[in-house]
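Quick note: the coordinates plus some simple rules give every number you see, no bench work behind them. Fair warning: this is a prediction, and the values are worked out from it, not measured in the lab. Cβ placement follows ideal geometry from the backbone for every residue including glycine, while neighbour counts extend to all protein chains displayed.
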Amino acid sequence: MDRNPVLDVSNFAAVSKNAEKGISRRRLLGGAALAAPAVAGLALTRGGDSAVAEPATPSGSRHAGHSEFPHATFAAGRSVDHAANGFHPTELLRDFDHGRTRRLASGRVLREWEIVAQDREIEVAPGVRYEAWTYNGRVPGPTLRAREGELLRIRFLNASEHPHTLHFHGLHSALMDGMPGIGDNRGGGQIEPGESFTYEFDAAPFGLHLYHCHVAPLAAHIARGLYGAFVIDPKAGRPEADEMVMVMNGFDTNFDRANEVYAVNTVGFHYVEEPIAVGRDEPVRIYLVNVLEYDPVNSFHIHGNFFNYFPTGTSLQPSEFTDTVIQGQAQRGILELKFPYDGDYMFHAHVSEFAELGWSGFFRVGDPSRLTAAAAASMYCELPWGKGRPA
Ligand SMILES: [Cu+2]
């Protein structure tokens with residue numbers, strides 16, 4: 001059907017050791033996957049008893065009120081092996097890659113990075129492995145950070161077994177667009193395995209952008225993990241704050257074009273397991289990017305608080321003071337807020353299904369002895385690893 005082997009869906013399934021063909025996320029949620037509890041490491045472990053084969057609409061569930069919506073929980077008693085993954089979502093959160101800089105004769109700053117595309121298996125929830133395609137071995141790729149007006153140079157090496165590109169959002173010429181078919185005769189366009197290309201363009205406009213691969217089939221290349229945030233600071237900078245990047249993503253672990261795991265920064269429920277520590281009354285700035293494939297919208301909601309929202313970060317004036325934003329794919333924005341009270345505050349997709357499949361976390365504000373998430377989490381939902389689960 002297609003000349004490119006990566007287009008073959010059966011090929012996708014074949015390379016995912018843990019994928020179980022034909023088990024969709026919706027069937028999983030409906031309880032059908034109970035017949036195959038080993039599916040991608042996912043099992044419905046209600047009450048810690050994997051043999052509990054409840055129908056899709058059980059009655060008398062401990063989780064009355066959403067009993068028609070059994071949770072896909074993850075391998076109990078385990079955490080993701082971050083060392084094996086090669087990246088840690090807690091560190092990745094505040095990891096901004098400024099590259100190397102030097103001043104050109106003109107006085108202008110040249111900023112340079114090297115990005116290598118590599119195939120790499122990663123664990124996206126305890127026991128759930130995924131054959132990712134990565135930039136610099138991590139998902140999301142490095143958060144590239146520059147300042148408005150600089151000259152940017154990104155050397156891209158494709159060490160993957162598949163053709164890829166770097167397609168940046170921002171202002172640049174067609175040759176630098178990472179678009180297959182444009183500039184192939186000048187070394188650009190689609191970058192084949194083993195090839196390299198250097199992208200060069202001005203840092204403009206200031207704001208929060210993203211980059212991703214633009215090789216077809218596009219959904220597959222993006223869903224595999226080839227994306228990252230791209231921050232261009234305004235010339236005068238932004239006010240001091242505790243800054244963090246959140247890339248909202250998901251993983252189609254059985255290659256049926258629907259996601260089984262949802263997350264911020266790749267690992268489902270990671271910020272439940274390790275709440276994000278922030279200071280009380282300290283300014284916090286979140287660079288929020290939605291790269292989710294296969295679902296039309298994503299969202300971010302915070303408990304007990306409101307934030308100023310700067311869509312695309314291209315204006316210094318917020319457009320909204322709110323507690324929930326909706327983003328389509330590639331939409332992004334900057335959130336600024338302070339936490340006035342100690343305690344643990346949940347943040348999650350307000351698409352509840354995403355929240356219950358991993359896209360949930362907590363901010364831990366000030367004194368951790370007060371109102372911590374262990375209790376809150378168990379009240380909210382049955383969570384992985386048996387923590388906080390009622391006896
Ligand atoms: Cu690609």
Taking every other residue with Cβ under 10 Å from the Cβ of LEU110 and scoring Lys and Arg +1, Asp and Glu -1, one gets +3
Lys and Arg at +1, Asp and Glu at -1: neighbours of ASP233 with Cβ under 12 Å from its Cβ sum to +3
Expected vector for the range 196-205, Karplus 3J(HN,Hα) from phi with 6.51, -1.76, 1.60 and θ = phi - 60°, integer Hz, x for Gly and Pro, equals 9, 7, 10, 8, 9, 6, 7, 7, 6, x
Net charge near HIS212 (other residues with Cβ under 13 Å of its Cβ; Lys, Arg +1; Asp, Glu -1) is 0
Low-density loop GluC sites (Glu not before Pro), the range 156-201, at most 11 other Cβ within 10 Å, DSSP non-H/G/I/E/B, are none
The set of residues whose placed amide H lies less than 5 Å from the amide H of GLY178, leaving out same-chain residues fewer than 5 positions away, is GLY189
Descending packing, highest mean Cβ count within 10 Å first, for 175-186, 118-129 is 118-129, 175-186
Rounded to two decimals, the Rg over Rh value of the range 86-380 from Cα coordinates and the Kirkwood Rh reads 0.97
